Amino acid sequence: MKKINIILSLICVLAISSCEGFLDVTPTNQADSTTSITSAADAQVMINGLMQKMTSSSYYGRNFVQYGDAKGGDITIYTAGFDDNMYYFAHRAEGGSQIGFWTTGYNCLLQANNLVVNLEKLKEEGLTGLDNLLGQALTIRALIHFDLVRLYGKPYNMDGGASYGVPVVTAPVDATAQLQRNTVKEVYDQVVADLTKAAPFLSKSKSNGYLNYYGNQAILGKVYMYMDNFSAALTCFKNIIDSKAYTLYTPANWVASWKTQFGSESIFEFAMYPNEGDLGASSLGVRYSRKNHAHSNAYGYFMASTYWKNIMGANDIRWGIMTYDHMKDEEERSNWDDCCYKYLGDSNLAGDGKSTHTAVNIKVIRLSEIYLLAAECALKSDKGAAANYLNAISKRDPDRAEWTASTINEDAVYNEYRRELLTEGKLFFEQMRQNRKVTFEDDAWGFGTTSQYRDKTIDRTFFRAILPIGIDEINSNPDIYQNPGY
């Protein structure tokens, strides 16, 4: 397959400059980076800085998570306005909130690569105590590549990974370097290689705010699912579940779990701090709040669609993290709760124990999701085991009958996934992997909120299901291959 060049000079400049102010060492992207890291302490400082960078508004702090839900059909908007391009699929190479995915992703990759290269060099020189840090850096590098290829490349199982993905970057690069856009398969192969290499280095102890062995296995299992390797994926998920290192929230404590940091289900979550990563008026919590509630800048745009509400049982405990929207009068409020408050602690704005209610940690991997993914994988070989995994989550609705080997099916698992993970940034990616159609509740409030960029129902063959390469990249390299349709 023909490969094309993508210049990363702008990204490299950003990667250098953006580190100032929160890193004690400079993660240079020049060839001479030997002085960047000289000890485990230096590496830990850089890990901290990299984690903070990943919680920016352009990545896990807001846009990446919101992308996975706004495009998935279980979220609707009541009127056209602020930051609705994700919902409308109004992606343009010239701009929009999605542009930050590319620059932030590669910025973070270059920092991760500096860590990997320097840690491996120090290990060769005989310095000890670096294994866990190296495992984290490799796992982060894999996660970023995985995120980027899902944004800019077609699903792996759509064509066996033969189409264009994103550039694989595994070493510090010079500011003038031109890197090639790899195939989707090549990206996935690198992701699997990094995760496999990292696993034996990582601690199995819970490490709040950092990736450990079980976080690594969760990501690897998910990658295998995208490659349709369900048996390998199930092995990864069973490694987590059978370890008993984490426990599911009971129905009685599920709602309160959103007010806590690093709970018993939390395999990996990004820490958000009031004096560092708190996005305040621009946070996820404010984006999903009803109008003027969490903040005066809360516009109440993003709400649960009727499609999601219709699969929820009346007594499902997960209603407890929802509350009414500003469109309802007093009589209607008890009937339909549209606004999700996972990123505000609860509907009373409790937060998760910090001084501001918007500095709520981003839960990236929860044990609930692992059970649901394990259920889907087990369906291929052991429906009884699949039913057991699914029942562990579906019992959060006390009225729902238990699934059995004869009643469980893919839709049962998929709908439970929707119930459990609303607003956690997962759904659209899963729909594309599973080759499901997505239907949007356009014009839900009668305000003319239909899209000129997509139909009411789309599937993964729609060209806007993946993002365009930004115009800055295209201008830097006239030979760059733009995703079709843009």
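FYI, it's all coordinate maths here, none of it is from the lab. Note that this is a predicted model, so its numbers are computed, not measured. Please note: Cβ atoms are built from the backbone with ideal geometry, for glycine as well, and neighbour counts cover all protein chains shown.
In 5 Å bins starting at zero, report the fraction of Cα pairs in the stretch 270-363 per bin as a rounded %.
Spelled out bin by bin, the stretch 270-363 gives 3, 15, 24, 23, 17, 11, 5, 2, 0 percent.
Could you tell me how far the Cα centroid of the stretch 82-140 sits from the Cα centroid of the stretch 420-486, in Å?
23 Å
Identify all lysines with a Cα-Cα distance to Lys121 below 28 Å; exclude those on the same chain that are fewer than 8 residues away in sequence.
Partners within reach: Lys53, Lys197, Lys204, Lys206.
Using Cα positions and a limit of under 22 Å, work out the lysines in reach of Lys437, with same-chain residues fewer than 8 apart set aside.
Filter leaves Lys71, Lys154, Lys222, Lys309, Lys380, Lys426, Lys456.
Based on the mean of other beta carbon atoms within 10 Å per residue, what is the order of 287-299, 250-262, 84-96, 101-113, most packed first?
With the highest mean Cβ count within 10 Å placed first, the list reads 101-113, 287-299, 84-96, 250-262.
Find which of Ala412, Leu344, Val286 sits farthest along the positive direction of the dipole of the chain, computed with +1 on the beta-carbon of Lys and Arg, -1 on that of Asp and Glu, about the Cα centre.
It is Ala412.
Using the basic label-point model (7 angstrom from Cα toward the beta carbon), what is the Gln180 to Ser203 distance in nanometres?
Result for the modelled spin labels: 4.0 nm.
Could you size up the charge dipole of the stretch 270-363 around its Cα centre, putting +1 on the beta carbon of Lys and Arg and -1 on that of Asp and Glu, and report it in debye to the nearest 20?
240 debye
If you put +1 on each Lys and Arg Cβ and -1 on each Asp and Glu Cβ, how big is the dipole of the chain around its Cα centre, in Debye rounded to 20?
Rounded to the nearest 20 debye, it is 600 debye.
With P(r) over Cα pairs in 20 Å bins from 0, in percent as the read-out, I listed (i) 20, 54, 25, 1; (ii) 22, 48, 27, 4, 0; (iii) 24, 60, 16, 0; which label goes with the value calculated from this structure?
Label of the calculated value: (iii).
Give the residue from Ala444, Met432, Ser476 lying farthest towards the positive end of the charge dipole for the stretch 352-486; charges sit on Cβ (+1 for Lys and Arg, -1 for Asp and Glu) and the dipole is referred to the Cα centre.
Met432
Select from Cys108, Pro200, Asn239 the residue farthest towards the positive end of the dipole of the stretch 91-245; place +1 on Cβ of Lys and Arg, -1 on Cβ of Asp and Glu, and compute about the Cα centre.
Of the options given, the answer is Asn239.
Multiply the residue gap between Ala281 and Lys380 by 0.36 nm, knock off their C-alpha separation, and tell me the result in nm, one decimal place.
Residue separation times 0.36 nm, minus the Cα-Cα distance, leaves 31.2 nm.
Can you give the charge dipole size of the stretch 343-486 about its Cα centre, rounded to the nearest 20 debye, using +1 on the beta carbon of Lys and Arg and -1 on the beta carbon of Asp and Glu?
So the magnitude is around 220 debye.
For Thr306 and Ile471 in the same chain, what is the full-extension length gain: residue separation times 0.36 nm, less their Cα-Cα distance, in nm?
Length gained between Thr306 and Ile471: 55.7 nm.
Test of understanding: extend the Cα→C-beta vector of Thr407 to 7 Å, then name every residue of the stretch 240-269 with backbone N under 20 Å from that spot.
251
Could you work out how far apart the two model spin labels at His326 and Asn435 are, taking each label as a point 7 Å from the Cα in the direction of the beta carbon, and quote it in nm?
So the label points at His326 and Asn435 sit 4.3 nm apart.
Label Ala162 and Asp242 with points 7 Å out from Cα along Cα→Cβ: what is the distance between them in nm?
3.7 nm
Over the stretch 403-486, consider all pairs of different Cα atoms and compute the Kirkwood hydrodynamic radius from their mean reciprocal separation; express it in Å, one decimal.
This gives a value of 16.0 Å.
Working out 0.36 nm times the residue gap between Asp443 and Asn297, then minus their Cα-Cα distance, what length gain in nm do you get to one decimal?
Separation in residues times 0.36 nm, less the Cα-Cα distance, equals 50.3 nm.
Helix by helix through the chain, keep the DSSP H runs that span 30 Å or more along the axis on Cα and average at least -1.0 on Kyte-Doolittle, and give those back in order.
Length and hydropathy pass: 99-124, 131-152.
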